[in-house]
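Below is one structure, written out as structure tokens; the observations come after it.
The values are calculated or read from the model by the stated rules, or taken from the named source; none is laboratory data. Quantities reported herein were computed from a predicted structural model and do not represent experimental measurements. Don't worry about glycine lacking a Cβ; one is built from the backbone with ideal geometry, like all the others, and counts go over all protein chains shown. These area figures cover heavy atoms from the full protein model, side chains too; ligands, DNA and RNA do not enter into them. Shrake-Rupley method; radii C 1.70, N 1.55, O 1.52, S 1.80 Å.
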Amino acid sequence: MAFDVLPGDSASPVILHVPHSSRNIIESGLYPDIVAEELDHLTDAHTDLIALGAAETAAWRPWIFMNRLSRLVVDPERFTDDEMVRAGMGPVYTHGHAGRRLRDDDPSRDAELLHEHFHPYAEAMTGLVDDRLAATGRAVILDVHSYPTAPLPYELHADGPRPPVCLGTHPLHTPDRLLAAARAAFGDTGLNSPFAGCYVPLKHYDRDPAVSALMVEIRRDQYMAEPGGPPTAGIDRLARALAILVDTAPVLR
């Protein structure tokens, strides 16, 4: 499969979701001469290492759901009615970080990519959330992302603050105590800028308050050389901060 589910503590409701860390490309109509540059700018590099480091450090080992394909193949967090469709960056991107075309228009190819990758991913993530609900009575999705220090041309909301850590929330799915715990764990944070919202499977989205969610967007200068470079010492600090949040989340109601 194009994703991995790494088991956590049977009593933990926490799921670390890592959707954009991979640079793995398969044949999907992408123009090969520009892929490397797009990967450098659009991959949430090393967020898998942050999540894995947090899982190793946490007293309550979280479950990890990790995408093994690049978002340039299919983006599992975009939908056909997403506002990013107007930037050419819906579930199957036609344009990249600077508005440059990435692949030809091909509805048949896009439908096949959604069938082979997008829908199985969504079903598996829904299944993991259902499993945590059955086992613990709740699920807590911590969506682990990163974003560039300087805005990229594709960003639709680039004029707002770009804090070291941006926390994305939802009125139903992000309880005040979870948000407060994240602020305490990470320190210097902002809210819903430059990116807003958080990922919840559609089965539960805007319906089930037992599913909590928070997007953790880490500004890349905090832990890596931009764009697409190696991690720096900051990665360990951020993994420890995420571990603190992981350990706090199970006791929040």
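Looking only at residues in the stretch 1-40 that are buried (at least 16 other Cβ atoms within 10 Å of the Cβ), of a type in the set (A, V, I, L, M, F, W, C) and in a loop (DSSP other than H, G, I, E, B), the one that is modelled with the highest pLDDT is ILE25. SER146 satisfies every condition listed in (1) open to solvent by 10 Å² or more (accessible area, probe 1.4 Å); (2) of a type in the set (S, T, N, Q); (3) in contact (Cβ under 8 Å) with a residue 24 or more places away in the chain except (1).
Among the conditions (1) open to solvent by 10 Å² or more (accessible area, probe 1.4 Å); (2) at pLDDT below 95; (3) not basic (Lys, Arg), ALA249 misses just one, which is (1). Sort out which residues of the stretch 220-233 are surrounded by fewer than 17 Cβ atoms within 10 Å (Cβ to Cβ) and hydroxyl-bearing (Ser, Thr, Tyr), and write them in order of number. Passing the criteria: only THR232.
Residue by residue, here is whether (1) without any contact (Cβ under 8 Å) to a residue 40 or more places away in the chain; (2) in contact with a Leu (Cβ under 6 Å, 6 or more places away or on another chain); (3) on the phi > 0 side of the Ramachandran plot; (4) assigned to a loop (DSSP other than H, G, I, E, B) holds:
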{"residue": "MET66", "(1), (2), (3), (4)": "no, no, no, no"}
{"residue": "PRO76", "(1), (2), (3), (4)": "no, no, no, yes"}
{"residue": "THR80", "(1), (2), (3), (4)": "yes, no, no, yes"}
{"residue": "ASP110", "(1), (2), (3), (4)": "yes, no, no, no"}
{"residue": "GLY127", "(1), (2), (3), (4)": "yes, no, no, no"}
{"residue": "ALA134", "(1), (2), (3), (4)": "yes, no, no, no"}
{"residue": "VAL140", "(1), (2), (3), (4)": "no, no, no, no"}
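Checked against (1) touching a helix residue (DSSP H, G or I) at 6+ places or on another chain (Cβ under 6 Å); (2) in a strand (DSSP E or B), HIS97 meets all criteria but (2). Of the residues screened, PRO209 is not one that is within 19 Å of ASP82 (Cβ to Cβ) and at pLDDT 95 or above. Considering only the stretch 153-180, state which residues are under 17 Å from THR47 (Cβ atoms) and hydrophobic (A, V, I, L, M, F, W, C). Passing the criteria: VAL165, CYS166, LEU167.
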